Amino acid sequence: MTSVLNIIGLEKRFGQQQVLKDFNLDVRQGEIVGLLGPNGCGKSTVLNIVSQLLPAKAAAIELMGQPIAKLGVKARTIMGVCSQDRALYPDLLPEENLDFFARLYGLSTIERRARIEELMNLFGLAAHAKTRVGRLSGGWQQRLHLAVSIVHQPQLLILDEPTAAVDVAAKIELWRLIENLRKSGTSILLTTHQLSEAEQLCDRVALMSHGRVAALGSVSELLSRLQGQTVVKVQSSDHQSTRSHALRLGWRGLQSAGELSFLLDQSITLSEAASALDGPEVSAISVQALTLEDAYLELIGQFDQIDQNTL
Ligand SMILES: Nc1ncnc2c1ncn2[C@@H]1O[C@H](COP(=O)(O)OP(=O)(O)OP(=O)(O)O)[C@@H](O)[C@H]1O
Ligand SMILES: [Mg+2]
């Protein structure tokens with residue numbers, strides 16, 4: 001499959017801090033790739049370099065098979081960018097914002113008129129046509145931001161946390177819009193902290209650790225890396241003894257936030273898990289299928305240890 005975007009061995013430093021180190025990632029025609037990782041691991045830096053908002057060694061990035069530096073201004077017409085800060089004009093109406101950016105991309109008057117009408121309808125913005133953007137709610141501004149980023153029909157769309165700080169209904173609506181863009185052939189690179197978003201939207205997920213992609217694959221490929229199928233979560237007043245007890249049963253300890261979490265190779269019922277781990281210190285047990293959240297916490301934890309040992 002053709003790569004729309006290919007990032008090869010990207011390096012970036014801010015002063016003494018090495019933020020990206022041998023960062024490699026490609027986005028293929030018509031797929032959505034999600035870039036996931038802890039705060040400050042360098043996700044926005046990657047997107048900002050690809051969007052040419054930040055300088056880096058340009059030869060490391062290819063768009064449609066060509067070095068981005070060679071493409072010059074053409075690179076901007078291939079890409080649409082929705083960065084973390086909304087670059088909208090608050091005193092203008094939604095369609096005036098769309099018109100401003102459409103002019104910037106060189107659309108003719110006739111093209112602009114048709115495209116703006118199409119986007120106002122597609123994004124449900126027609127209902128807010130008379131509201132200045134600064135007075136729109138966050139969710140509606142985010143929709144407009146997405147609409148603005150595709151006004152010139154880019155082949156590659158870069159989205160930095162597209163649904164951060166929007167309500168659940170707006171998020172589901174934005175997911176639908178993003179999925180429709182993919183269906184119409186747009187390739188998308190996005191970042192998110194919401195694992196449900198990655199599960200819902202992404203064909204492949206890249207987990208970032210210490211400035212590089214440490215794991216890359218579909219959600220099911222990432223889950224299969226852990227070679228287990230059932231997760232038992234336990235609340236206990238004595239973590240140490242519950243943990244040793246579970247490890248003696250052959251359960252593998254997973255990194256988790258708060259409660260204890262164990263991975264089992266075979267399936268187990270709740271009552272089997274409860275009787276196996278019976279004890280006065282155990283206050284709650286649940287049994288569930290392995291999720292991307294479990295895999296994320298575990299893999300990021302493993303990469304952290306590897307990176308710290310090799311520093
Ligand atoms: N312009 C800059 N100058 C100096 N340091 C920067 C600059 N931009 C980012 N950094 C640093 O680079 C690192 C990576 O930042 P980046 O914004 O790419 O992280 P992120 O993965 O997007 O985080 P988040 O999930 O919080 O959005 C951070 O330590 C940040 O402080
Ligand atoms: Mg960021």
**OP:** Report the residue count in region 64-99 for those that are closer than 22 Å to Gly139 by Cβ and aliphatic (A, V, I, L, M).
**Re:** 6
Original post:
From the list Val133, Val148, Val166, which one is free of Cβ contacts under 8 Å to residues at least 40 places away in the same chain and among the hydrophobic types (A, V, I, L, M, F, W, C)?
Top reply: Val166
**OP:** May I ask you to verify whether Val33 is at pLDDT 90 or above and touching a Cys at 6+ places or on another chain (Cβ under 7 Å)?
**Re:** yes
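Find the residue count for region 6-44, including only residues that are aromatic (Phe, Trp, Tyr) and exposed (fewer than 14 other Cβ atoms within 10 Å of the Cβ).
Residues of region 6-44 aromatic (Phe, Trp, Tyr): 14, 23.
Right, trim to exposed (fewer than 14 other Cβ atoms within 10 Å of the Cβ) and you get 14.
Selection size over region 6-44: 1.
Can you list the helices (runs of 4 or more DSSP H) lying wholly within region 168-232 that have 2 or more residues being over 30 Å from Ser267 (Cβ atoms)? Talk me through it step by step, then tell me what you get.
Working: elements: 168-183, 195-201, 219-224.
Answer list for region 168-232: 168-183.
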**OP:** Please enumerate the residues belonging to region 123-140 that are surrounded by 13 or more Cβ atoms within 10 Å (Cβ to Cβ) and over 14 Å from Glu173 (Cβ atoms).
**Re:** Ala126, Thr131, Arg132, Val133, Leu136
Subject >> Output for region 254-274, where each listed residue is closer than 17 Å to Ser237 by Cα and free of Cβ contacts under 8 Å to residues at least 24 places away in the same chain >> reply: Gly258, Ala274
**OP:** Specify the residue that is farthest from ligand 2 (Cβ to nearest atom); the eligible residues are those in region 140-167 that are in a loop (DSSP other than H, G, I, E, B) and of a type in the set (A, V, I, L, M).
**Re:** Val151
Original post:
Pairs under 6 Å by beta carbon, first residue without any contact (Cβ under 8 Å) to a residue 40 or more places away in the chain and assigned by TED's automatic domain parsing to the domain that holds Gln18 in region 38-64, partner of a type in the set (Val, Ile, Thr) and away from ligand 2 (no atom under 12 Å from the Cβ), six or more apart or different chains?
Top reply: Ala58/Ile68
Original post:
Would a scan of region 199-215 turn up a residue that is exposed (fewer than 15 other Cβ atoms within 10 Å of the Cβ) and either at positive phi or modelled with pLDDT of 95 or more (or both)?
Top reply: no
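One line per residue, one yes/no per condition, for (1) within 13 Å of ligand 2 (Cβ to nearest atom); (2) under 21 Å from Leu71 (Cβ atoms); (3) assigned to a helix (DSSP H, G or I):
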{"position": "Gln18", "(1), (2), (3)": "no, no, no"}
{"position": "Phe23", "(1), (2), (3)": "no, yes, no"}
{"position": "Asn39", "(1), (2), (3)": "yes, no, no"}
{"position": "Val46", "(1), (2), (3)": "yes, yes, yes"}
{"position": "Ile49", "(1), (2), (3)": "yes, yes, yes"}
{"position": "Gln52", "(1), (2), (3)": "no, yes, no"}
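Please pick out the residue among Lys21, Lys12, Lys70 that is within 22 Å of Ile300 (Cβ to Cβ), out of contact with any Asp or Glu (no Cβ under 7 Å at 6 or more places or on another chain) and among the charged types (D, E, K, R). Give the steps one after another, and end with the answer.
Working: Lys21 fails: out of contact with any Asp or Glu (no Cβ under 7 Å at 6 or more places or on another chain); Lys70 fails: within 22 Å of Ile300 (Cβ to Cβ).
One residue alone meets the criteria, Lys12.
Filter region 203-235 for residues that are among the polar types (S, T, N, Q) and more than 22 Å from Ala289 (Cβ to Cβ) and give the result. Give the derivation first.
Here is the first cut: in region 203-235, the residues among the polar types (S, T, N, Q) are 209, 218, 220, 224, 227, 229-230, 235.
Once the filter is applied, which keeps residues that are among the polar types (S, T, N, Q) and more than 22 Å from Ala289 (Cβ to Cβ), region 203-235 yields only Ser209.
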Original post:
Glu96 fails exactly one of the following numbered conditions: (1) part of a helix (DSSP H, G or I); (2) within 16 Å of ligand 2 (Cβ to nearest atom). What is the number of that condition?
Top reply: (2)
Original post:
Right, Ala165: crowded, with 17+ Cβ neighbours inside 10 Å, of a type outside the set (Lys, Arg) and modelled with pLDDT under 90 or not?
Top reply: no
Original post:
Checking Pro162 against (1) within 30 Å of Ile68 (Cα to Cα); (2) more than 16 Å from ligand 1 (Cβ to nearest atom), which single condition isn't satisfied?
Top reply: (2)
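I need the full set of residues from region 235-280 which are among the charged types (D, E, K, R) and closer than 23 Å to Ser224 by Cβ, in order please. Spell out the reasoning first.
First, the residues of region 235-280 that are among the charged types (D, E, K, R): 238, 243, 248, 252, 259, 265, 272, 278.
Hits for region 235-280 are Arg252, Asp265.
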**OP:** Output the residues belonging to region 31-55 that are away from ligand 1 (no atom under 12 Å from the Cβ) and farther than 18 Å from Lys74 by Cα.
**Re:** Glu31, Ile32, Val33, Gly34
Original post:
Taking region 54-93 only, how many residues are assigned to a helix (DSSP H, G or I), surrounded by fewer than 15 Cβ atoms within 10 Å (Cβ to Cβ) and not small (Gly, Ala, Ser)?
Top reply: 3
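The values are calculated or read from the model by the stated rules, or taken from the named source; none is laboratory data. Quick caveat: nothing in here was measured; it's all calculated off a predicted structure. Neighbour counts are summed over all protein chains in view; Cβ atoms, including those assigned to glycine, are modelled from backbone coordinates with ideal geometry.
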